[in-house]
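Some notes on the structure that comes next.
The values are calculated or read from the model by the stated rules, or taken from the named source; none is laboratory data. Since we're looking at a predicted model, the values are computed, not measured. Backbone-built Cβ (ideal geometry, glycine too); neighbour counts: all protein chains shown. The protein model used for the area step is the full one, side chains on, heavy atoms only, and it has no ligands, DNA or RNA in it. Shrake-Rupley method; radii C 1.70, N 1.55, O 1.52, S 1.80 Å.
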Amino acid sequence: MSAHAETRPLKRHVAAAVVGNALEFYDFITYAFFAVQIGHTFFPSDSAYASLMLSLGTFGAGFAMRPIGGIVLGQYADRVGRRPAMLLSFAIMGVAILAMALIPSYAMIGLAAPVLVVIARMAQGFALGGEVGSTTAYLLEASPTAERGYYTSWQGGSQYVAALAGGLVGVILSALLEPADLSAYGWRIAFLLGALTLPFGLIVRRSLPETLHLTDKAAAVSEALQESGLALARKHLRVIVLGLVILASATIFTYVTNYMTTFAQTVLHMGETISLAATIVIGVTGIVASLFGGWLSDRIGRWHVMVWPRVAYLILAYPMYLWIVSARSATALLLGTAVLSCVGIVSFGAFYSAFAESLPKAIRGSAFGTIYATAIAIFGGTTQVVVTWLIHITGSPYAPAFYAIGSGVIGVIAMAMMRETAPVKLMAKDKIS
């Protein structure tokens, strides 16, 4: 075997992939943090509810393109390489985020403003749809076998790095600017900061070594090369369906959790600074919980880490919302958010590697990206709209909890049906047999 085929990327290369992933997610989720202000800018209405719903609907438009991005860029990653696919998705995201920051308001150019915003959001969705599969495949393939769970959990961890960065930017801007200024131009600063990272992201990603050529002992590569992608997908239909259900549940959980900022402002009527502080809590706990879940799954197996924390979330979700709504204090909001984030996210740190390990290398980028993007397109783009609608028609501030619990029950059942893929468990099983 050649030295080229034996050499695996260094930790700094994995870090570079993670940084690029985090920058893309920062650009995408910043919209959610400033949904109220963006609604005022591009969707003015006499009804605050209507303005917010139009803004959240545009946020959802970005999700419509994610399955297409997952298919197109995912197949590109499986045929040409992980690195070129990650470079392309990052470049598209950079252009879209710059457009978001510079599009004039509805008051200046009329109907063209919301149309351009929708186009920019769709470009972001296409880019991010291809990003997830390529980066997850890269992280799994670049990591040592015994540490796959930890390294692959950086897919989720980097998303929460992005959430933390977005939350910090939001809190700082809301503290420095008057509410009118934040609504008029402050949110644009957050997008421009994301656009400024474009050159840095392209530089670090250009340095990445390719992993597509590396030997994958977890998959029958020689067999995979002889079969079409469709044939391989049919052969792994069970895990694909389970992955789709789990990711749908995970998506609802994620966007219900990220909705906490909007929830605190519009339902609990709390100030913008403390509401945006909830995103900082989500970011910090998300990073820690995701990486801990991946690390723990390398030691005790994926299954237990996936299932039991999700059960804990189902038990705690309603009591935490009950406390947050009844107290309406900074302590309840931030601590309750931290508890829900922690128990909900630990399991996903293990799931990323479990799902990627279950897919053959020849379709890993496209299958993971397409399934992830499809689940998010259907449920991620609609979750915050549905939750806002449920609160509006029922008058109940507990609607987010009920929605998350309902989807969580289905998700945990699917998780329980996943097979164990952790090398530490498989090696122990081989020794016993």
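Scanning the stretch 346-364 for residues that are more than 18 Å from GLN159 (Cβ to Cβ) and small (Gly, Ala, Ser) yields a total of 2.
With the condition kept exactly as written, say whether any residue in the stretch 380-391 is surrounded by fewer than 16 Cβ atoms within 10 Å (Cβ to Cβ), assigned to a helix (DSSP H, G or I), in contact with a helix residue (DSSP H, G or I) (Cβ under 9 Å, 6 or more places away or on another chain) and not hydroxyl-bearing (Ser, Thr, Tyr).
First, the residues of the stretch 380-391 that are surrounded by fewer than 16 Cβ atoms within 10 Å (Cβ to Cβ): 389.
Still in the list and also assigned to a helix (DSSP H, G or I): 389.
Narrowing further to those that are in contact with a helix residue (DSSP H, G or I) (Cβ under 9 Å, 6 or more places away or on another chain): 389.
Filter again for not hydroxyl-bearing (Ser, Thr, Tyr), leaving 389.
Within the stretch 380-391 (the criterion being surrounded by fewer than 16 Cβ atoms within 10 Å (Cβ to Cβ), assigned to a helix (DSSP H, G or I), in contact with a helix residue (DSSP H, G or I) (Cβ under 9 Å, 6 or more places away or on another chain) and not hydroxyl-bearing (Ser, Thr, Tyr)), the answer is yes, since at least one residue qualifies.
State which residue pairs qualify: first residue over 9 Å from GLY369 (Cβ atoms) and inside the stretch 61-84, second residue surrounded by fewer than 23 Cβ atoms within 10 Å (Cβ to Cβ) and of a type in the set (Phe, Trp, Tyr) in any location, beta carbons under 8 Å apart, and separation of 6 or more residues or different chains. Sorted first by the residue in the stretch 61-84, then by its partner, the pairs are PRO84/TYR76. Of all residues in the stretch 196-215, those satisfying the criterion of being modelled with pLDDT of 80 or more and either aromatic (Phe, Trp, Tyr) or surrounded by fewer than 19 Cβ atoms within 10 Å (Cβ to Cβ) (or both) are LEU196, PRO199, LEU202, ILE203, ARG206, PRO209, GLU210. Yes or no: the stretch 48-55 includes at least one residue that is at pLDDT below 85, among the small types (Gly, Ala, Ser) and either crowded, with 19+ Cβ neighbours inside 10 Å or under 16 Å from the mean Cα position of the chain (by Cα) (or both). Among the residues of the stretch 48-55, at least one is at pLDDT below 85, among the small types (Gly, Ala, Ser) and either crowded, with 19+ Cβ neighbours inside 10 Å or under 16 Å from the mean Cα position of the chain (by Cα) (or both), which makes the answer yes.
For the stretch 58-81, a residue qualifies if it is modelled with pLDDT under 70 and small (Gly, Ala, Ser), and exactly one does: GLY60.
Keeping to the stretch 396-405, report how many residues are over 20 Å from the mean Cα position of the chain (by Cα) and either open to solvent by less than 60 Å² (accessible area, probe 1.4 Å) or among the acidic types (Asp, Glu) (or both).
Going through the stretch 396-405, the residues over 20 Å from the mean Cα position of the chain (by Cα) turn out to be 396-399, 402.
Those left that are additionally either open to solvent by less than 60 Å² (accessible area, probe 1.4 Å) or among the acidic types (Asp, Glu) (or both): 396-399.
Residues flagged as over 20 Å from the mean Cα position of the chain (by Cα) and either open to solvent by less than 60 Å² (accessible area, probe 1.4 Å) or among the acidic types (Asp, Glu) (or both) within the stretch 396-405 amount to 4.
Counting only helices (runs of 4 or more DSSP H) that sit wholly inside the stretch 250-350, those with at least 1 residues that are acidic (Asp, Glu), open to solvent by 10 Å² or more (accessible area, probe 1.4 Å) and at pLDDT below 95 are 272-300.
Report the residue count in the stretch 144-158 for those that are open to solvent by 30 Å² or more (accessible area, probe 1.4 Å), part of a helix (DSSP H, G or I) and of a type outside the set (A, V, I, L, M, F, W, C). The qualifying residues number 3. Of all residues in the stretch 351-361, those being open to solvent by 10 Å² or more (accessible area, probe 1.4 Å) and under 14 Å from the mean Cα position of the chain (by Cα) number 1.
Given the criteria of a type in the set (D, E, K, R), open to solvent by 10 Å² or more (accessible area, probe 1.4 Å) and at pLDDT 90 or above, does ARG364 qualify? For ARG364, the condition - of a type in the set (D, E, K, R), open to solvent by 10 Å² or more (accessible area, probe 1.4 Å) and at pLDDT 90 or above - is not met. Selection of the stretch 131-161 for residues being touching a Gly at 6+ places or on another chain (Cβ under 8 Å) and small (Gly, Ala, Ser) yields GLY133, SER134, ALA137, GLY149, SER153, GLY156, GLY157.
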